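**Q** Structure provided below as C-alpha cells; questions to follow.
The values are calculated or read from the model by the stated rules, or taken from the named source; none is laboratory data. In this text, all values refer to a predicted model and were calculated from it rather than measured experimentally. As a convention, Cβ positions derive from the backbone with ideal geometry for all residues, glycine included, and neighbour counts pool all protein chains shown.
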Amino acid sequence: MAHESSTLERGHSMAEQYSVYDESWLEIDSFKWIESERAGYDLGDKAVNRWVSDHWRGYLRARWLEHLQGSRYWIELDRGDFGLLKRSFIGEPELLNAILSHLKAGLENLHVLCWAKENQIPCEPVLRILEALDINSRRLRHRFEQR
C-alpha cells in the first residue's frame, strides 16, 4: 500500500502516482508505534486521531509543494497543479522561493502578505503568486479528521 503503481504521462516524462492517504498511513503507523512505546501500551485510534490533528495539515502541505514542483504526483491533488512551479513564475525565482519558504513553514496567505509589506515588497507580484497557488482551495480533510 506504499503507493499507486500507475503512471501519469506529462509531456514526454512519466510520473509515478502516489496517494496522500495511503502514504500518510506510513507516517501514522510510525507515530502510533512511537507514542504507544512511550505510553507502554497500544494507543490505537487515539494515536491516529492525534497524528491527524497535529500533523495532517503540515504533511499535506509538504505533499502539495512536491506536486507543484513536479517531483511527485499525488492523485488527490489537482492534476493541473502538477509541475506548476516549472511552468510559471520563471521571471521571479527569488520572490517565489521566499513565498514557498513561508508556505513550507506552515504560514498562510495573510502571513505572506504581512511579510511582503514589512519588507517593502510590492504586493502585486506577491498576490499574483498567491492567487496562482490558491492554497485555500487545495486543502483536503483526512478520512479520520474530527469534524
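**Q** Cβ-Cβ below 6 Å, separation at least six or inter-chain, first residue in segment 78-96 and without any contact (Cβ under 8 Å) to a residue 24 or more places away in the chain, second crowded, with 17+ Cβ neighbours inside 10 Å and assigned to a helix (DSSP H, G or I): which pairs?
**A** Close Cβ pairs (under 6 Å, with a partner that is crowded, with 17+ Cβ neighbours inside 10 Å and assigned to a helix (DSSP H, G or I)) amount to Leu85/Leu68.
**Q** Looking at (1) within 14 Å of Tyr18 (Cβ to Cβ); (2) surrounded by 15 or more Cβ atoms within 10 Å (Cβ to Cβ), which one does Ser71 not meet, given that it meets all the others?
**A** (2)
**Q** Would you say Ile28 is buried (at least 16 other Cβ atoms within 10 Å of the Cβ), out of contact with any strand residue (DSSP E or B) (no Cβ under 7 Å at 6 or more places or on another chain) and modelled with pLDDT of 90 or more?
**A** When the stated conditions are applied, Ile28 passes them.
**Q** Here's another thing I want to ask about it. Considering segment 117-142 alone, what residues qualify as being without any contact (Cβ under 8 Å) to a residue 24 or more places away in the chain and farther than 27 Å from His55 by Cα?
**A** Of everything in segment 117-142, those that are without any contact (Cβ under 8 Å) to a residue 24 or more places away in the chain and farther than 27 Å from His55 by Cα turn out to be Lys117, Glu118, Asn119, Gln120, Pro122, Cys123, Glu124, Leu127, Arg128.
**Q** Which of (1) aliphatic (A, V, I, L, M); (2) at pLDDT 90 or above; (3) out of contact with any helix residue (DSSP H, G or I) (no Cβ under 8 Å at 6 or more places or on another chain) does Ala105 not meet, given it meets every other one?
**A** Failing condition for Ala105: (2).
**Q** Moving on. Would you point out which residue out of Asp78, Asp42 is over 29 Å from Arg128 (Cα atoms) and of a type outside the set (Gly, Ala, Ser)?
**A** Asp42
**Q** Which residues, counting only those in segment 88-137, are among the charged types (D, E, K, R) and under 19 Å from the mean Cα position of the chain (by Cα)?
**A** Matches in segment 88-137: Lys104, Glu108, Glu131, Asp134.
**Q** I would also like to ask the following. Quick check on Tyr18: is it at pLDDT 90 or above and over 21 Å from Gly106 (Cα atoms)?
**A** Yes; evaluated as a whole, the condition is true for this residue.
**Q** Additional query: Starting from segment 44-57, keep only residues that are crowded, with 19+ Cβ neighbours inside 10 Å, then list their pairs with residues that are of a type in the set (Phe, Trp, Tyr) and part of a helix (DSSP H, G or I) whose Cβ atoms are within a distance under 6 Å, requiring at least 6 positions of separation or different chains.
**A** Going by the 6 Å Cβ cut-off, the qualifying pairs are Trp51/Phe31.
**Q** Restricting attention to segment 31-45, which residues are of a type in the set (Asp, Glu) and either out of contact with any helix residue (DSSP H, G or I) (no Cβ under 9 Å at 6 or more places or on another chain) or modelled with pLDDT under 95 (or both)?
**A** Correct list: Glu37, Asp45.
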